[in-house]
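This report concerns only the one structure given below.
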Ligand SMILES: [Zn+2]
Ligand SMILES: [Zn+2]
């Protein structure tokens, strides 16, 4: 019974995630629906994070930067407005207007949280940045001309990857102090993620970046192997999944056809080959596994 449910869950996951191997045209329709679902999911997540922040500001914190509560309120309203528009209409121009308005407020809020010297508020900034970046990513896939350039998305994604990697590293230090191997693999990966972020900021061309990312990818594969093999609990695995998602999105961005530097000049065509044989599709991408009693072991959906 459970296995059947699992099979269905797994199948729907397999359908929802675009396959790298498929030609872009063939996956367009399913992609749009998946991107819209993803957009709504991350808008909901962003609303939840802001709500928790507001709640904690009221109930738990003694002092915090002046005006922060109003800033969270304004950001919440802008997110709710955009979310409403996404649910209600198909007017992509309106979506973009609402998104830009929302995004400005979110980034202002994240900046003030980061400016504070309170580590708790800085952690809140991380929690808000993550769904925000996922919304950028989903919007890019929903709107063909999102005015959000490839390089900007890549740069922000690289920053989010580094931040989440460091967050995972700190968490592993706290919860799995005795698992030396896993902690080391995660730390090595976080160092690579930091290098990669610097390389993106140095404005290297895409072929170089694709090569640089292979090193990040190598380290992440090793870290994931250790995490999956370890006895670590759900919380660390979910945090690892946040890393995994952004990691695989960067991989997909750099390896999709049609990205800058990927199209050969017309006079000297060269075949586009995937960097490695094993990267045939999302099944072969790194995935975080969890094991639940009476259900068994499975990958956390993308
Ligand atoms: Zn509106
Ligand atoms: Zn943003």
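Coordinate-derived values only; no laboratory data. Remember, it's a predicted structure, so these values are computed and weren't measured experimentally. Cβ coordinates were reconstructed from backbone atoms using ideal geometry, including for glycine residues, and neighbour counts include every protein chain displayed.
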task: Scan the range 113-135 for residues that are within 29 Å of residue 66 (Cβ to Cβ), away from ligand 1 (no atom under 16 Å from the Cβ) and under 16 Å from the mean Cα position of the chain (by Cα) and jot them down.
output: 125, 126, 127, 128, 129, 130, 131, 132, 133
- prompt: Mind checking which residues of the range 75-97 are away from ligand 1 (no atom under 11 Å from the Cβ) and crowded, with 17+ Cβ neighbours inside 10 Å?
  reply: 75, 76, 79
So residue 121, is it assigned to a helix (DSSP H, G or I), touching a helix residue (DSSP H, G or I) at 6+ places or on another chain (Cβ under 6 Å), away from ligand 2 (no atom under 13 Å from the Cβ) and more than 26 Å from residue 33 (Cα to Cα): yes
message: Being free of Cβ contacts under 8 Å to residues at least 24 places away in the same chain and over 24 Å from residue 125 (Cβ atoms) is true for just one of 205, 195, 180, 188. Which residue is that?
response: 180
- line: Residue count, the range 41-74, condition under 21 Å from the mean Cα position of the chain (by Cα), surrounded by 14 or more Cβ atoms within 10 Å (Cβ to Cβ) and either over 13 Å from residue 138 (Cα atoms) or within 16 Å of ligand 1 (Cβ to nearest atom) (or both), comes to 7
statement: Over the range 131-184, the set of residues more than 15 Å from ligand 2 (Cβ to nearest atom) and in a loop (DSSP other than H, G, I, E, B) is 144, 145, 176, 177, 178, 179
